[in-house]
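The values are calculated or read from the model by the stated rules, or taken from the named source; none is laboratory data. The shown structure was predicted, so the numbers you read here are calculated from the model rather than taken from an experiment. Every residue, glycine among them, receives a Cβ derived from its backbone with ideal geometry; neighbour counts consider all protein chains shown. For accessibility, only protein heavy atoms count, side chains too; no ligands or nucleic acids. Shrake-Rupley method; radii C 1.70, N 1.55, O 1.52, S 1.80 Å.
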Amino acid sequence: MSLDPELRRALAQCVRYYHELGIYDFYRRAAPESQTDTSAVDGAPVLAATLQSELREEMPARKSAVSPVVEESIFEVATPKREYGITDPVAALKIIREDLGDCTRCRLHQQGRKQIVFGVGNPRAELMFVGEGPGADEDTQGEPFVGRAGQLLNNMIKAMGIRREDVYIANIVKCRPPGNRTPERDECETCSPFLMRQIAVIKPKVVVALGAVAAKNLLAMNASMSELRGRFYDFIPAGARSSDPTWQGTKLAVTYHPAFLLRDPRQKGEAWKDLQMVMRFLGLEPPKKSE
Ligand code: SF4
């Protein structure tokens with residue numbers, strides 16, 4: 001499509017500006033039928049989407065959380081989510097679940113999922129765990145981390161001196177990838193905006209990313225686990241806004257996925273170091289031996 005280079009540059013600058021603000025969701029307002037011809041101005045939304053796609057490739061920072069089924073435009077930016085302004089996290093999470101609906105936004109909806117695994121736990125949790133995606137047990141029961149890896153996660157939580165029901169647990173993708181394969185990048189990008197909204201509503205003090213897939217998707221960093229672990233990151237959920245204007249985001253720590261620890265138990269000591277770092281930050285004490 002040919003377009004005035006001046007306008008093209010201005011659109012690119014505009015998209016880049018919104019990316020720098022942390023806004024990645026662009027929506028295209030349906031045009032009245034009378035305006036669906038091919039004039040230069042009507043072509044601008046399509047061009048903006050193209051430019052955004054180019055920028056996405058050249059930017060090392062967070063990848064867009066844009067659903068591939070959503071048409072993009074710079075002219076209508078980040079429609080306020082329905083939970084904004086709702087201070088009760090239970091009600092706000094309910095709204096996010098309603099928005100998710102019987103989701104068909106990515107291909108995982110037609111690859112054998114039994115149900116959507118939204119997330120579970122305390123809507124006011126100070127600590128949140130985020131894994132990769134549901135497995136077979138989670139798909140059957142509709143709850144994250146209920147299989148063998150879930151049992152290990154429960155033990156890790158218990159070792160921290162808290163209970164499973166004290167924390168909130170969710171995944172990057174909410175439907176089971178077939179054969180427990182790693183979720184594809186576009187599936188993560190399509191699903192994770194709902195997780196971002198959940199985090200913004202719960203406002204935990206710490207998010208623990210379980211495994212490389214969760215860590216890389218949350219942090220938009222391509223690094224090894226040894227590079228990602230052992231420190232806190234300042235984390236603000238991309239594209240989501242808390243109803244509490246004073247909330248400045250959360251700390252994020254990375255540790256091994258419990259499924260990995262089941263395969264390589266020698267790394268449990270390393271995971272425990274990560275959890276101890278989180279415990280120090282939250283002022284948690286491990287339970288006494290007799291408890
Ligand atoms: S994984 Fe997420 S985006 Fe994909 S179909 Fe399931 S709920 Fe929808």
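Overview of results
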item: Å² of accessible area per residue within region 133-262, as computed with a 1.4 Å probe and no ligands counted; result: 38
item: Extension reserve of the Glu165-Phe281 stretch, reckoned as 0.36 nm per residue once the Cα distance is removed; result: 39.8 nm
item: Among 218-227, 195-204, 116-125, 151-160, the order from most to least packed when residues are scored by Cβ within 10 Å on average; result: 195-204, 116-125, 151-160, 218-227
item: Surface share of carbon and sulfur [accessible, 1.4 angstrom probe, percent] for region 157-291; result: 50
item: Backbone HN-Hα couplings from phi across region 220-227 [Karplus 6.51/-1.76/1.60, Hz, Gly and Pro as x]; result: 6, 10, 9, 9, 6, 4, 5, 6
item: Over 22 Å between alpha carbons, listed pairs Lys114/Lys174; Lys81/Lys114; Lys216/Lys251; result: Lys81/Lys114
item: Neighbour cut-off at most 16 other Cβ (10 Å), DSSP loop, chymotrypsin sites (Phe, Trp or Tyr not before Pro), region 215-268; result: Phe232, Trp247
item: Potential lengthening between Asp234 and Gln141 on full extension [0.36 nm per residue; Cα-Cα distance subtracted]; result: 30.2 nm
item: Förster-model FRET efficiency, 51 Å R0, Arg82 and Lys288, C-beta, rounded to 0.05; result: 0.70
